[in-house]
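The values are calculated or read from the model by the stated rules, or taken from the named source; none is laboratory data. Please read all numbers here as calculations on a predicted model, not as lab measurements. All Cβ positions, even for glycine, are placed from backbone atoms using ideal geometry, and neighbour counts span all protein chains on display.
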Amino acid sequence: MMDYQKKTRKILRDCNAFVDGGHFVLSGGRHADFYVNKDALYVYPKKLDDICVMMAETAFHAFSDFDVVLAPAVAGVVLGQNIAYNLSMSMGKDILFAYADKNLLNSNYRTIRRGYQDIIRGKRVLLVDDIASTGATLVSLAQAVDGLGGVPSGAVVICDRGKVRNLKFNDSKGVLKSEFTIAPLVELDLQTFDADDCPFCRSGRPIDTYLGDATASDILKGVDKVEN
């Protein structure tokens, strides 16, 4: 295989997906001054397809044994379906695809519904996501798969920006169940900060409301730290 890390970095740079010098709230709630804007990639279908082909090949060589691809809604659907298609073509068998919604009662958890439960039960499942910062989304997918009697076989992501190569998850009773490995196309060693100890909040740098996962509460907390 060619140097996928180098090719992925070039694609992301060409899409202007690397954003530096800001103040961003990441999906896990931590703060950073660097952001990987995966949404910039979705604007370019050909570049996105190149990424998905590399993710499919990476997953095949890293794990090889799976029957279903599972991704989180919404953006993960684009990645997951494309990856499942490429795996089906290369493996010579149907690799099915499903996606998981956010749990309506607790957005930290994922729910597999819409009839997808039947294709997860008893199957080995490849998990897919775009960016891994803490791995929380992938863990929630693994828990949802385990709850239906499926087995998470591993995960593939575009970018691991949080050094989360190995993840553990608990069953529905809170007992440690198993662990799985993440196979990223590219790894970034970036510094992030807890929201309560963020130097950008203390210095008064505004939180970006267009990129990242900032909530109104995050923005107000940042203002309070400056005023105090």
Name the one entry in A132, A84, A98 that is more than 30 Å from C201 (Cα to Cα), crowded, with 16+ Cβ neighbours inside 10 Å and either touching a helix residue (DSSP H, G or I) at 6+ places or on another chain (Cβ under 7 Å) or of a type outside the set (A, V, I, L, M, F, W, C) (or both). A98
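Looking at this structure, is L70 at pLDDT 95 or above, assigned to a helix (DSSP H, G or I) and under 17 Å from the mean Cα position of the chain (by Cα)?
Working: at pLDDT 95 or above: yes; assigned to a helix (DSSP H, G or I): no; under 17 Å from the mean Cα position of the chain (by Cα): yes.
No: the conditions fail for L70.
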Return the pair list, or none, for Cβ contacts closer than 7 Å from residues in the stretch 176-198 that are modelled with pLDDT of 90 or more to residues that are aliphatic (A, V, I, L, M) and surrounded by fewer than 18 Cβ atoms within 10 Å (Cβ to Cβ), at least 6 apart or on different chains. A183/A62
Examine the stretch 77-87 for a residue that is at pLDDT below 95 and either farther than 23 Å from G212 by Cα or assigned to a loop (DSSP other than H, G, I, E, B) (or both), and state whether such a residue exists. no
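Considering only the stretch 20-34, state which residues are in contact with a Lys or Arg (Cβ under 9 Å, 6 or more places away or on another chain) and either assigned to a strand (DSSP E or B) or among the β-branched types (V, I, T) (or both). If you could, list the steps in order and put the result at the bottom.
Filtering the stretch 20-34 for residues in contact with a Lys or Arg (Cβ under 9 Å, 6 or more places away or on another chain) gives 22-23, 26, 32-34.
If the condition is that a residue be in contact with a Lys or Arg (Cβ under 9 Å, 6 or more places away or on another chain) and either assigned to a strand (DSSP E or B) or among the β-branched types (V, I, T) (or both), then G22, H23, A32, D33, F34 are the ones that fit.
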Quick one: what pairs do we get from the stretch 45-73, first residue without any contact (Cβ under 8 Å) to a residue 40 or more places away in the chain and of a type in the set (D, E, K, R), second surrounded by 18 or more Cβ atoms within 10 Å (Cβ to Cβ) and outside any loop (DSSP other than H, G, I, E, B), C-beta under 6 Å, 6+ apart or different chains? K47/I11
Residues being surrounded by 12 or more Cβ atoms within 10 Å (Cβ to Cβ), polar (S, T, N, Q) and touching a strand residue (DSSP E or B) at 6+ places or on another chain (Cβ under 9 Å): count how many of those fall in the stretch 166-214. 4
Residue in the stretch 43-55 that is within 27 Å of T192 (Cα to Cα), over 17 Å from the mean Cα position of the chain (by Cα), aromatic (F, W, Y) and not in a strand (DSSP E or B) present: no
For the condition without any contact (Cβ under 8 Å) to a residue 60 or more places away in the chain and part of a strand (DSSP E or B), what is the one hit in D94, D129, D118? D129
